[in-house]
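S.K.: Here it is: the structure, laid out below.
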Amino acid sequence: MIARVANGDTVINNWVNEWTKNAADAPGSVQAIEVTPAKQIVWALREWSAPNALGPATSIQFLNQPGTTAMEDVHFGEIR
């Protein structure tokens, strides 16, 4: 998932495979990262440790970003 946030930055979700359950399985893996238009890193999310372990994150939704589309309104092709 990639999303442009209100300030013009881009947030990229990095899917880590389903077999990656902890940091030891994928050392240094980032679950999400925000970059500026100048390609500078704003923050990187690496949350593999309990009690907040996110594991192999697949998507992220920002609830406080004006003008963003809710994930449930995003479709990848025709729904049949």
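S.K.: Is one or more of the residues making up the range 58-73 under 19 Å from residue 1 (Cα atoms), modelled with pLDDT under 75 and touching a helix residue (DSSP H, G or I) at 6+ places or on another chain (Cβ under 6 Å)?
M.R.: Looking for residues that are under 19 Å from residue 1 (Cα atoms), modelled with pLDDT under 75 and touching a helix residue (DSSP H, G or I) at 6+ places or on another chain (Cβ under 6 Å), one finds at least one in the range 58-73, hence yes.
S.K.: Then there is this: For a quick check of your reading of the model, give me the residue pairs whose first member lies in the range 5-22 and is more than 18 Å from residue 55 (Cα to Cα), whose second is surrounded by fewer than 11 Cβ atoms within 10 Å (Cβ to Cβ) and modelled with pLDDT under 70, with beta-carbon atoms closer than 9 Å and at least 6 apart or on different chains.
M.R.: Close Cβ pairs satisfying both conditions: 6/66; 6/67.
S.K.: I've got another one for you. Quickly run through the range 17-40 and pick out the residues that are within 18 Å of residue 3 (Cα to Cα) and either at pLDDT below 75 or loosely packed, with under 11 Cβ neighbours inside 10 Å (or both).
M.R.: 37, 38, 39, 40
The values are calculated or read from the model by the stated rules, or taken from the named source; none is laboratory data. Computed from a predicted structure; not experimentally measured. Cβ atoms come from the backbone with ideal geometry, glycine included; neighbour counts cover every protein chain shown.
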